[in-house]
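Right, one structure below, let's go through it.
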Amino acid sequence: MLGMLTMVLFLLNLASATQDICVDSLALKILQPDELGAGNTIQVVAYKAGSVFAGGSLLWVKDLSSWSGMWLVFAAMYFLCICLVCGLGLVRSEKKVGWRNEMMPSQSFLNLIKENMNCIFKVQGTVWMVCFVLFYKLCERGEGTLPIYLVDKGVPMSKLAFWTGIVRGVASLSGSSVCGFLLSARSFSPDRVLYAAAKLRCFPIFFQFLLISSWGREPIASADSLDVISWDSVVFYLAILSFCFANFCAGVLTTAAFTAMMTLSQSAPEHIQSSHYSLLATMEVLGKLAFATVSGGLIDTFGLDCVFVLFAVFSVLTVPLLRFSPNYEKEKQKPSCDKK
């Protein structure tokens, strides 16, 4: 039974990863450059909202019926998506054939991969974008570390679940929505939004470091001290405020980063656009998970204060990294060009 469950989970995650690539490839083909901001906002917001609300709904179905009933509802949702895709006419078999004929390997499979990677990295700006997506989320591990610190301080789980769950999700969704508004309605460039959000993100992360250093590691006097005006309650709500603002900035950064990635992939030759974007998205996930795998050990070895200094340094270093963006100088020159 355990082996069968493992296989089902593996196939489910494999299908989910393949679905992500297909959705991104479809977006690359059907969205115009001026629609990428709105399109990525819908994707990011719908993904975050779906993770919260759909997951909770499925657990509610499980409580009302059973695990089997929950999985049947889950499968029905996927079947509905298949019907929607087929009904919208998004799948065109003639284009698939053309792509396969164009990409038929003349030598070995490994040579095909090598040629494909060479083509991907020949696209101007790809090397910088890979470096950026690997780096820009390293400091966001602090968002996951702060709730653990609050648990160690003795903050009640019910209070913590509300602020770091619901309110945090609302802050992140708000950041993604604001970013989409700036990109689509205000026609801001992704690089401009990234640069502004990266600078803003430095403040809450540094502020969290100051709060942790001043509050210490001793547990709070009592849970009731958070409901009255006291040193513990003031520091707690300041920590939550900085936590929510950091998640707001993270929502802006994520949406702008995915829009910039998709904009760059659209500039690649058509037959490698999907592979190009898939590489960038993979590097983005790798950058997000890389530091998470070692952060726990670093905290146990060097202490939370030292690791938060590292988070703050990473957030600051993201700002000059954006200055080396291939589009940064172009964005600085845009106002003078518009005047002409």
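The values are calculated or read from the model by the stated rules, or taken from the named source; none is laboratory data. It should be emphasised that the depicted structure is a prediction, and the values quoted were computed from it without experimental measurement. Note: ideal-geometry Cβ built from the backbone for every residue, glycine included; neighbour counts use all protein chains shown. For the accessible areas, the whole protein counts, side chains as well, though only heavy atoms, and no ligand, DNA or RNA atoms are used. Shrake-Rupley method; radii C 1.70, N 1.55, O 1.52, S 1.80 Å.
Points worth noting:
- The residue that is least open to solvent (accessible area, probe 1.4 Å), counting only those in region 126-166 that are of a type in the set (Val, Ile, Thr) and over 22 Å from Phe245 (Cα atoms), is Thr126.
- Residue in region 26-41 that is of a type outside the set (Asp, Glu), without any contact (Cβ under 8 Å) to a residue 24 or more places away in the chain and over 24 Å from Ser187 (Cβ atoms) present: no
- Matching residues, region 16-32, being open to solvent by 60 Å² or more (accessible area, probe 1.4 Å) and hydrophobic (A, V, I, L, M, F, W, C): Ile21, Cys22, Val23, Ile30
- Unique match (being surrounded by 12 or more Cβ atoms within 10 Å (Cβ to Cβ), at pLDDT below 85 and among the aliphatic types (A, V, I, L, M)) among Val97, Val85, Val123: Val85
- Top-ranked residue in region 303-327 [being aromatic (Phe, Trp, Tyr) and either modelled with pLDDT of 85 or more or surrounded by 15 or more Cβ atoms within 10 Å (Cβ to Cβ) (or both); ranked as nearest to Leu146 (Cα to Cα)]: Phe308
- Within the span defined as region 259-269, every residue fails to be in a helix (DSSP H, G or I) and farther than 19 Å from Asp34 by Cα.
- Condition check for Val155: in a loop (DSSP other than H, G, I, E, B) and either hydrophobic (A, V, I, L, M, F, W, C) or at pLDDT 90 or above (or both): yes
This table checks each residue for (1) aromatic (Phe, Trp, Tyr); (2) out of contact with any Lys or Arg (no Cβ under 9 Å at 6 or more places or on another chain).
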{"site": "Thr263", "(1), (2)": "no, yes"}
{"site": "Gln273", "(1), (2)": "no, no"}
{"site": "Met283", "(1), (2)": "no, yes"}
{"site": "Ser295", "(1), (2)": "no, no"}
{"site": "Ile299", "(1), (2)": "no, yes"}
{"site": "Phe311", "(1), (2)": "yes, no"}
{"site": "Leu321", "(1), (2)": "no, yes"}
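- Here region 256-282 is the region considered, the condition is being open to solvent by 20 Å² or more (accessible area, probe 1.4 Å), among the hydroxyl-bearing types (Ser, Thr, Tyr) and in contact with a helix residue (DSSP H, G or I) (Cβ under 7 Å, 6 or more places away or on another chain), and the residue that is modelled with the highest pLDDT is Thr263.
- Among the residues making up region 233-255, those that are without any contact (Cβ under 8 Å) to a residue 40 or more places away in the chain and either touching a strand residue (DSSP E or B) at 6+ places or on another chain (Cβ under 6 Å) or open to solvent by less than 80 Å² (accessible area, probe 1.4 Å) (or both) are Ser233, Val234, Val235, Leu238, Ser242.
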